[in-house]
Structures are given as C-alpha cells and as structure tokens.
Amino acid sequence: MKYTFKKDERLCSKLLINKLFTEGESFLVYPFKVVCLNIPRTGSIAAQILISVSKRNFKSAPHRNKIKRHIREAYRKNKHIIWDDYKDKPNDQLLAGFVYIGKSIATSKEVDQKLILILQRLIEMDVKNTR
C-alpha cells in the first residue's frame, strides 16, 4: 500500500457529508470528535475522510491549517490500519469525519497517537455492527 492521501480519499460530496452527520454514529477521543458511517461502496476507495477545525476555537487560519496538516499526515501514515480491514469487505465503504475540538494546538506526536486509537476503534465498531 502506498502512503498517499489523494483527492478520492477526501470526503467532498455535500450529499455524503450531510448523510454522515445526520445518520452517522459519533464518539469522542479527545481532542477529536469522530463521526462515522458505513455505506455501500461505489468505487475502489475503502474509506473517505473529512477533517474539520473550528473557527470558533482557532481564529487564525494558519493555526487551523497547521492542525489540519498534522491530522492529514497522521492519517496518511496510518491509513493502512483501516484499509487492511476494509479490503476484505468489497461492498462496504467507510465515511469518517474528524472534528478537532481541542482548545490548543496538539503536537504531531499526540495527533498521531490519537489517530491510531481512533482507527482501531473504527475497526472495533465495524466488527460490532456486522454481528
């Protein structure tokens, strides 16, 4: 698996984003609120993600962008955790929204650790839903 993060892996469709936030399940792993939803797979992409940082908590755009860069990089390095699980399920696709709710800028290492926990929890939730 290549450690890339292409446009196809980003959740851009307004319809899917609306569906994610209305029908999806959510959980909290501070400093993230995670919303996830399994849908029937439409293409070859196993998971699509959305990253959001609140303007209310971070007025400065460079600070918001820095946090989003940390999250994208952590996901890019660790996406194999979720993709390995979904390659066995050719009919399922994961939609996930990572909403950063922390009040301060987390380090890359902290974001990386939390994102690994989130991806493992997403796999556990998927296992529970298929039973």
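Report yes if some residue within the range 112-123 is of a type in the set (D, E, K, R), within 18 Å of L28 (Cα to Cα) and in contact (Cβ under 8 Å) with a residue 60 or more places away in the chain; otherwise report no. Yes, the range 112-123 contains at least one residue that is of a type in the set (D, E, K, R), within 18 Å of L28 (Cα to Cα) and in contact (Cβ under 8 Å) with a residue 60 or more places away in the chain.
Among the numbered conditions (1) under 27 Å from K2 (Cβ atoms); (2) basic (K, R); (3) loosely packed, with under 13 Cβ neighbours inside 10 Å, the only one that R56 does not meet is (1).
Please verify whether the range 9-24 includes one or more residues that are touching a Phe, Trp or Tyr at 6+ places or on another chain (Cβ under 7 Å) and of a type in the set (G, A, S). No, there is no match, as no residue in the range 9-24 is touching a Phe, Trp or Tyr at 6+ places or on another chain (Cβ under 7 Å) and of a type in the set (G, A, S).
I'm checking my understanding of the structure. Among residues of the range 15-39 that are more than 20 Å from I116 (Cα to Cα) and of a type in the set (V, I, T), which one is modelled with the lowest pLDDT? Taking the candidates together, the pick is I39. Within the set K79, K68, the sole residue that is in contact with a helix residue (DSSP H, G or I) (Cβ under 9 Å, 6 or more places away or on another chain) and either surrounded by fewer than 16 Cβ atoms within 10 Å (Cβ to Cβ) or in contact (Cβ under 8 Å) with a residue 40 or more places away in the chain (or both) turns out to be K79. Step by step: first the residues of the range 82-131, then only those that are buried (at least 17 other Cβ atoms within 10 Å of the Cβ) and of a type in the set (F, W, Y), then the one that is farthest from the chain's Cα centre (by Cα). Which residue is that? Checked the range 82-131; the qualifying residue farthest from the chain's Cα centre (by Cα) is Y86.
Does L20 meet the test of being in contact with a helix residue (DSSP H, G or I) (Cβ under 6 Å, 6 or more places away or on another chain) and in contact (Cβ under 8 Å) with a residue 40 or more places away in the chain? No.
Within the range 1-28, the residues that satisfy the criterion of being surrounded by fewer than 14 Cβ atoms within 10 Å (Cβ to Cβ) and assigned to a strand (DSSP E or B) are E25, S26, F27, L28. Taking the stated definitions as given, is E73 of a type in the set (D, E, K, R), farther than 19 Å from M1 by Cβ, modelled with pLDDT of 95 or more and within 17 Å of the chain's Cα centre (by Cα)? Spelling it out, it is not the case that E73 is of a type in the set (D, E, K, R), farther than 19 Å from M1 by Cβ, modelled with pLDDT of 95 or more and within 17 Å of the chain's Cα centre (by Cα). Checking each residue in the range 77-131 for being acidic (D, E) and at pLDDT below 95 picks out D84, D85, D88, D92, E124, D126. Residues that are in contact (Cβ under 8 Å) with a residue 40 or more places away in the chain and among the acidic types (D, E) within the range 23-38 comprise just one, E25.
Taking the range 1-41 as the search range and keeping residues that are among the β-branched types (V, I, T) and in contact with a strand residue (DSSP E or B) (Cβ under 7 Å, 6 or more places away or on another chain), which one is nearest to W83 (Cα to Cα)? Applying the filter and picking the extreme gives I39.
The values are calculated or read from the model by the stated rules, or taken from the named source; none is laboratory data. What you see is a predicted model, and the numbers here were worked out from it, not measured in a lab. Cβ coordinates were reconstructed from backbone atoms using ideal geometry, including for glycine residues, and neighbour counts include every protein chain displayed.
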